[in-house]
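One structure below.
The values are calculated or read from the model by the stated rules, or taken from the named source; none is laboratory data. Model, not experiment: these values are computed from the prediction. Methodologically, a virtual Cβ is constructed for each residue, glycine included, from the backbone with ideal geometry; neighbour enumeration extends over all protein chains shown.
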Amino acid sequence: MSDTTPRLLAAVDLGSNSFHLVVGREEHGRLQIIDRLKEMVRLGAGLTPDRRLTPEARERALACLARFGQRLRGLPPEAVRAVGTNTLRQLRDGGEFLREARRALGHPIEVVAGREEARLIYLGVAHGLAAGDETRLVVDIGGGSTELIIGQGMEPRERESLEMGCVSYSRRFFGDGRITRKRMDKAILAGRLEIRPVRAFYDAGNWDLAVGSSGTIRAIRDLVQNLGWSDRGITRRSLKKLRKALVEAGHVERLDLPGLSENRRPVLAGGVAVLSAVFKALDIERMRVSDLALREGLLFELLGSIHHHDSRAATVAMLADRYGLDTAQAERVSTTALALFDQAAKDWHLVHPGLRPMLDWAARLHEIGLAISHNGHHKHGAYILRHADLPGFSRQGQALLAALVHTHRGKFARKPFRLVSEEARPSARRLAVLLRLAVLLHRGRNPRSRPAPELLVEGDHLALTFPPGWLAGHPLTHAELTREAKRLERGGFSLAFS
């Protein structure tokens with residue numbers, strides 16, 4: 001496709017209350033939203049106490065994703081990104097559900113951590129605001145979590161995800177449908193207690209403009225405007241009047257407010273309680289409302305990656321700097337690993353566009369554990385990458401990156417791949433083999449050494465061919481390849497070299 005040909009990009013947001021699909025058209029570097037689909041799936045309401053989905057919730061979700069999949073049919077993998085949020089973060093049988101969901105949608109589904117969700121929300125909201133130097137507080141109330149972000153321009157500075165949402169609070173405090181002043185006050189107090197540990201970062205003295213996003217906040221804005229209580233956004237006074245109206249109605253089924261949809265009715269009380277807690281805890285007087293949120297943030301992230309502005313690459317560079325990595329050595333390992341990848345990709349079916357950059361990032365970070373200790377530094381590195389806040393990376397992406405770093409030396413075990421999705425494990429193990437070979441070939445850390453072996457692969461059999469005389473001139477590398485062949489054999493691979 002030429003640079004002037006319009007291309008379609010799509011983002012899918014699997015929220016705890018609603019599933020959203022947004023399709024955008026990119027032309028000359030600009031993005032225009034051309035289609036939106038939304039279904040109230042109520043995934044969070046179908047989460048049982050033992051963190052499993054009820055059959056009904058699973059069926060609703062898969063049926064919705066199948067419909068979304070029909071709209072996405074024909075789009076290449078690199079043009080679609082689908083993410084799950086709070087409910088999928090909690091789900092005990094998440095791997096099984098995600099496999100079914102992928103089949104229904106036709107594309108992989110990533111689960112993002114709360115702080116990564118917050119970053120994507122801010123990216124979407126920021127693109128919808130006029131350019132300015134003001135510091136913004138962005139609040140997004142989802143079905144199971146609430147994200148708070150402070151940022152300036154396109155850059156978030158503080159990000160937090162709190163365990164409170166319109167679905168979870170409606171179930172917890174208004175589960176039988178009754179709405180009383182005591183219950184509302186109790187819900188607001190619980191929300192303020194949830195905010196309390198981070199309040200110092202987000203209170204009114206740290207920002208100039210408060211902006212809300214998400215269906216809950218948009219619904220509240222529409223209600224207070226329809227009732228004539230606010231003519232612009234949501235004010236503290238209009239929110240107080242809405243709370244009073246809910247309490248006077250007394251029950252979810254008796255809520256009769258202009259513009260309130262049947263789908264929003266069951267979760268309105270919980271959403272109002274959460275937003276009230278945010279207003280009170282952070283001393284907000286007025287909140288503007290954005291029509292852009294997580295899914296638009298995903299689209300802009302996709303657009304950036306297409307034009308080689310991947311936030312994950314920036315994260316890797318930041319980590320390399322923070323941990324003082326030997327970037328020259330990392331560059332040598334990366335160059336060799338990618339050269340091996342390019343030779344093996346076709347026969348090993350490493351076709352997903354995300355695999356090559358993942359190998360590159362693992363090569364650049366493979367020594368990150370040295371910041372803790374040389375002994376077992378591959379394990380220390382994996383721990384850092386598995387648990388750190390890595391902007392741009394999904395949970396699955398972090399798990400893969402950690403597994404590659406864990407297995408770049410020592411025994412080639414299967415255990416480090418246990419957190420990698422089952423369908424991704426075969427490719428992950430093959431990437432690990434390529435990284436191991438690249439690290440081995442540069443163990444001498446010689447800046448003048450440029451090994452350029454030819455690699456042939458067939459199934460799990462590898463054959464490396466070096467230039468004439470190269471191995472004879474590198475006896476230590478020859479000995480290490482002999483030992484590596486034995487280690488790979490125990491891991492299910494065979495290695496021959498000459």
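Observations on the model:
- Among residues of the range 257-308, those that are of a type outside the set (A, V, I, L, M), outside any helix (DSSP H, G or I) and farther than 21 Å from Asn17 by Cα, counted: 7
- The range 147-189, subset part of a loop (DSSP other than H, G, I, E, B) and in contact with a Leu (Cβ under 8 Å, 6 or more places away or on another chain), residue farthest from Leu120 (Cα to Cα): Ile179
- Restricting the range 419-454 to residues that are among the charged types (D, E, K, R) and not in a helix (DSSP H, G or I), the residue that is farthest from Leu476 (Cα to Cα): Glu454
- Leu299 in contact (Cβ under 8 Å) with a residue 60 or more places away in the chain, farther than 30 Å from Ser449 by Cα and not aromatic (Phe, Trp, Tyr): yes
- Residues satisfying the stated conditions in the range 245-256, i.e. within 19 Å of Lys182 (Cα to Cα) and not in a helix (DSSP H, G or I): Gly250, His251, Leu255
- Residue check, Arg445 over 25 Å from the mean Cα position of the chain (by Cα), modelled with pLDDT under 95 and assigned by TED's automatic domain parsing to the domain that holds Asp347: yes
- Residue, nearest to Ala403 (Cα to Cα), within the range 354-386, restricted to residues that are in a loop (DSSP other than H, G, I, E, B) and not aliphatic (A, V, I, L, M): His366
- Subset tally (residues that are part of a helix (DSSP H, G or I) and either in contact with a Pro (Cβ under 9 Å, 6 or more places away or on another chain) or buried (at least 16 other Cβ atoms within 10 Å of the Cβ) (or both)) for the range 465-479: 1
- Identity of the residue in the range 81-134, closer than 18 Å to Glu296 by Cα and of a type in the set (Val, Ile, Thr), that ends up surrounded by the most Cβ atoms within 10 Å (Cβ to Cβ): Ile121
- The residues of the range 22-44 that are small (Gly, Ala, Ser) and modelled with pLDDT under 90 amount to a single one, Gly29.
- Residue in the range 266-274 that is of a type in the set (A, V, I, L, M, F, W, C), closer than 30 Å to Arg236 by Cα, modelled with pLDDT of 95 or more and under 24 Å from the mean Cα position of the chain (by Cα) present: yes
- Any chance Ile149 is buried (at least 24 other Cβ atoms within 10 Å of the Cβ) and assigned by TED's automatic domain parsing to the domain that holds Ala269: yes
- Residue under evaluation Arg356, criteria (1) without any contact (Cβ under 8 Å) to a residue 12 or more places away in the chain; (2) within 26 Å of Ala11 (Cα to Cα); (3) charged (D, E, K, R), criterion not met: (1)
- Yes/no for Pro416 being touching a His at 6+ places or on another chain (Cβ under 9 Å), part of a helix (DSSP H, G or I) and surrounded by fewer than 21 Cβ atoms within 10 Å (Cβ to Cβ): no
- Evaluated against (1) touching a residue at least 24 places away in the same chain (Cβ under 8 Å); (2) surrounded by fewer than 20 Cβ atoms within 10 Å (Cβ to Cβ); (3) in contact with a strand residue (DSSP E or B) (Cβ under 6 Å, 6 or more places away or on another chain), Leu462 falls short on exactly one condition, (2).
- When the range 127-146 is filtered for residues that are farther than 17 Å from Gly233 by Cβ and not in a strand (DSSP E or B), the ones remaining, listed by number, are His127, Ala131, Asp133, Gly142, Gly143, Gly144, Ser145.
- Residue match in the range 392-406 (condition: touching an Asp or Glu at 6+ places or on another chain (Cβ under 9 Å), exposed (fewer than 13 other Cβ atoms within 10 Å of the Cβ) and in contact (Cβ under 8 Å) with a residue 60 or more places away in the chain): no
- One residue from Val274, Val333, Val278 being closer than 25 Å to Lys379 by Cβ, in contact (Cβ under 8 Å) with a residue 60 or more places away in the chain and surrounded by 22 or more Cβ atoms within 10 Å (Cβ to Cβ): Val333
- Tally of residues being surrounded by 17 or more Cβ atoms within 10 Å (Cβ to Cβ) and among the aromatic types (Phe, Trp, Tyr) across the range 301-326: 0
- Meets criteria (assigned to a loop (DSSP other than H, G, I, E, B), in the same structural domain as Ser18 (by TED's automatic domain parsing) and of a type in the set (Gly, Ala, Ser)) for Gly74: yes
- Restricting attention to the range 481-498 and to residues that are surrounded by fewer than 16 Cβ atoms within 10 Å (Cβ to Cβ) and assigned to a strand (DSSP E or B), the residue that is farthest from the chain's Cα centre (by Cα) turns out to be Ala496.
- In the range 203-228, the qualifying residues are those that are assigned to a helix (DSSP H, G or I) and touching a strand residue (DSSP E or B) at 6+ places or on another chain (Cβ under 8 Å), and the one that is farthest from Thr135 (Cα to Cα) is Val224.
- Residue list for the range 50-90, filter: among the aliphatic types (A, V, I, L, M), touching a Phe, Trp or Tyr at 6+ places or on another chain (Cβ under 8 Å), free of Cβ contacts under 8 Å to residues at least 60 places away in the same chain and within 25 Å of Gly354 (Cα to Cα): Leu65
- The condition of being under 27 Å from Gly114 (Cα atoms), within 22 Å of the chain's Cα centre (by Cα), among the aliphatic types (A, V, I, L, M) and modelled with pLDDT of 95 or more holds for only one of Leu355, Leu319, Leu390, Leu365, that being Leu365.
- Matching option when the condition is touching a helix residue (DSSP H, G or I) at 6+ places or on another chain (Cβ under 6 Å), at pLDDT 90 or above and not assigned by TED's automatic domain parsing to the domain that holds Glu160, among Arg58, Arg52, Arg81: Arg81
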